[in-house]
1. Scan the range 291-311 for residues that are open to solvent by 50 Å² or more (accessible area, probe 1.4 Å) and either part of a strand (DSSP E or B) or at pLDDT 95 or above (or both) and jot them down.
2. Of the numbered conditions (1) farther than 20 Å from Leu569 by Cβ; (2) modelled with pLDDT of 95 or more; (3) hydroxyl-bearing (Ser, Thr, Tyr), Thr466 satisfies every one except a single condition; which is it?
3. Just checking, does the range 410-417 include any residue being small (Gly, Ala, Ser), under 20 Å from Gln136 (Cβ atoms), in contact with a helix residue (DSSP H, G or I) (Cβ under 6 Å, 6 or more places away or on another chain) and crowded, with 16+ Cβ neighbours inside 10 Å?
4. In the range 763-778, which residue that is more than 17 Å from Arg799 (Cα to Cα) and part of a helix (DSSP H, G or I) is most open to solvent (accessible area, probe 1.4 Å)?
5. Taking the residues in the range 709-758 that are more than 42 Å from the chain's Cα centre (by Cα) and without any contact (Cβ under 8 Å) to a residue 40 or more places away in the chain as candidates, determine which candidate is surrounded by the most Cβ atoms within 10 Å (Cβ to Cβ).
6. Return only the number of the condition from (1) farther than 30 Å from Met187 by Cβ; (2) touching a helix residue (DSSP H, G or I) at 6+ places or on another chain (Cβ under 6 Å); (3) at pLDDT below 95 that Pro372 does not satisfy.
7. So which residues in the range 676-701 are modelled with pLDDT under 95 and within 23 Å of Pro747 (Cα to Cα), if there are any at all?
8. In this structure, is Arg15 in contact with a helix residue (DSSP H, G or I) (Cβ under 7 Å, 6 or more places away or on another chain), at negative phi, open to solvent by 10 Å² or more (accessible area, probe 1.4 Å) and modelled with pLDDT of 85 or more?
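The values are calculated or read from the model by the stated rules, or taken from the named source; none is laboratory data. The shown structure was predicted, so the numbers you read here are calculated from the model rather than taken from an experiment. Virtual Cβ from ideal backbone geometry, glycine too; neighbours counted across all protein chains shown. These area figures cover heavy atoms from the full protein model, side chains too; ligands, DNA and RNA do not enter into them. Shrake-Rupley method; radii C 1.70, N 1.55, O 1.52, S 1.80 Å.
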Amino acid sequence: MAYDHHSVETKWQSRWHEARLHRTPTDPGKPKFYALDMFPYPSGAGLHVGHCEGYTATDIITRWKRMQGWSVLHPMGWDAFGLPAENYAIKHGVHPRVTTQQAIASFRRQIDAVGFAYDWDREVNTTDPAYVKWTQWIFLKLFERDLAYEGVAAINWCPVDKTGLANEEVSQGRCERCGAVVERKDMRQWLLRITRYADRLLEDLAEVDWPESTLAMQRNWIGRSVGAEVVFHTASPVTGRELRVFTTRPDTLYGATYMVLSPEHPLVSELTTPEQCAAVEAYQAAARHKSDLERTDLAKEKTGVFTGATATNPVNGRAIPIWIADYVLSTYGTGAIMAVPAHDERDFAFATKFGLPVVRVVMPPDARTLDPDECFTDDGVAINSGPLDGKPTAEAKRAVLHDLESRALAKPTVSYRLRDWVFSRQRYWGEPIPLIHCPQDGVVAVPEDELPVRLPNVERYVPTGTGESPLAAIDAWVNVPCPKCGLPAKRETNTMPQWAGSCWYYLRYLDPKNGVQAFDPALAAKWLPVDLYVGGAEHAVLHLLYARFWHKVLYDMALVESKEPFKKLRHQGTVLAHSYQDAMGRYHELADVELDKAGSARLEATGEALKVTVEKMAKSKMNGVNPEDVIRDYGADVLRLYEMFMGEFELPKPWDPRAIEGLNRFVKRVWRLVEEWDAAKAPAGDPHETLRHKTIKRVTTDLERMQFNTVVAAMMEYVNALMEGGVSSATREDLVTLVKLVGPYAPHLGDEAWERLGEKGFLLEAAWPTWNDALTLDATVTLAVQVDGKVRGTVELPRDASEAAARAAALALPNVTKHLEGRKVVKLIYKPARIIGIVTAPA
């Protein structure tokens, strides 16, 4: 009987649902495993196969863990507040709640079609009033602990969307969503004092198993630097004004040949000479259209303008020019830097471009001569530095600081790149901030028994364009009595950023129906930390940083016991979309194109060369492949297998629909093995016993390492061996093992094959196969033979070969004999099944 994926997948998805197979026990009881996917924003575009990659990985791991006897929590929900739904609502007159619910229904249908084992009883939606209530409650706890405050902050302002944007939402000076030129604008904002937790956010990274690149990004964003604040004084055209700079290298002050201020520095207008005024103002205007990330990109070309002013270097009294440049931020350090181009790559590039002096004040400790265009940034020995000459860097730092401190021109300090979190947005579709502004009592918290503060249910709204939220124009919602004094007051009209709901959703999954608490601390103690968190590397900084910050506040409130929320983090590699463009600018489908190993492409019909473009699949690029198309043609199990077989999980890989057919053949071969098996024709004995045990071990070991592609390869090799020559030589034990191994990858096929073999219940409830180590060892092994530490050949020996046999085999190798000429063997090191080492001396 041919394998019909349509009927098989419908059948088993229905049975899983009826049995509530994926429901998680409230109390783990057994050893627990909490697997978490970064929950999606439910856009109208739906899922693409890039989403499915990460979801498939966690699904495989959780199914495997359940078969190993773990109590597994694997939930899913929706990060549903956000700009796209609001912009769509404004354009089409449809309330964002309506479009959000439609998108969620579409996402849920697609997710179920792939056969993911989510516990839908724990589904959360960040826009659900029952969820918003507790997001607002956590905000009030931050407010009570003086971690939320009102201030004025310069933000990235989109004049089209009429809202503030995060730095990551700005690209090349334009709004990432609508393309409008972004402006810098001072606005009233709510901020969270994440900087109070800077040291803990840095130190506790030692407790997690995350990719090193992500750890580095977290450390760099926090940016802790130990150094000194040094005072320069302006010399002209205004004298005596203080300019404070932070530096980690005060020993290089003698090499400071110019200063740079941020374009927003409050002294710029005062210091700029009339001749430079127009150039400075034009530069300031241009800087207002750039995000902080763009301004500080080390790869970008350096730009700047001379103000016409000078300052006095405090160590040698020399006048140095004052420039402005957008790579200096007013929000980092003091908004001013001393530039030492001989010993800082960025300063060197700037000085080279604008012809500014370069003075070397540190030489390498080995006194080697530096190239004229070489920038030496390491520690060394002071030169051209007056009284510091000859001192190593650490001693020179102490000496110059002692001198400057005695003259009140410096003090030791620690600086952070991390800034307080601008937490408010001037939008409608977000959680209302639960605060009330009273003319008598100031800012007053909404009483907890009045939470959630709900968004007003209005049919239409548009941004005010003044910087205020659309909520500010809805008088019936804004005007309320003060909870303290009863006088007329006004609600806070800014809403929370989309990050708010994602800061704690992993906690709500533990207790999603709790109406009296955000979550039960006892359940948090049992389930946390999350054992495996999987999501895109694009969230490597802000989401993870913000969630860790909130978690630490909850830790201080004794609501959670773990210092960190996510123990192990992995990022799925980007799924890339290919497009092929010919000389006429026409695009071609992948099926029409022949690829070579280098990724170059030619039209199959004409051999015409094509331009190859590889880019990330994304909703915004409209290049995503709908998983439902693959499921229709091949089935969910083939989709899942292909997602994992494309390449290493954490590396980028291209989507090639032609390669899917190979996984389709694999599924059919597995089914054929099971469907055609006949006990009467099964081989005598156990011919595949060794291979079976090796395969179990290899699959299990590689799953532990999340090497999903090599697991598929191992299962393919096993199937090939069982069907060598096109005839099955499998025993029942071979097939039972195969089905168990395949099951987490292809669960529909797994349960259908399990039933076909006459087994009871669901495959997910069966025990994972184990192996006998003795049966996984090869009878012979290949050993490297080293002569004086260098490999000179290999020998194949029985695993239990004696030292005498190993010596004889090694010395018989021609290349070993060659390297022993004129020398004598003084020692032979034999490590069975590993290596043979020969140590020699002159004869």
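1. Scanning the range 291-311 gives a single hit, Phe306.
2. So Thr466 meets the others, but not (2).
3. Checked against the condition, which is being small (Gly, Ala, Ser), under 20 Å from Gln136 (Cβ atoms), in contact with a helix residue (DSSP H, G or I) (Cβ under 6 Å, 6 or more places away or on another chain) and crowded, with 16+ Cβ neighbours inside 10 Å, the range 410-417 yields no hits at all.
4. Glu765
5. Going through the qualifying residues, I end up with Glu724.
6. (2)
7. Of everything in the range 676-701, those that are modelled with pLDDT under 95 and within 23 Å of Pro747 (Cα to Cα) turn out to be Glu676, Trp677.
8. no
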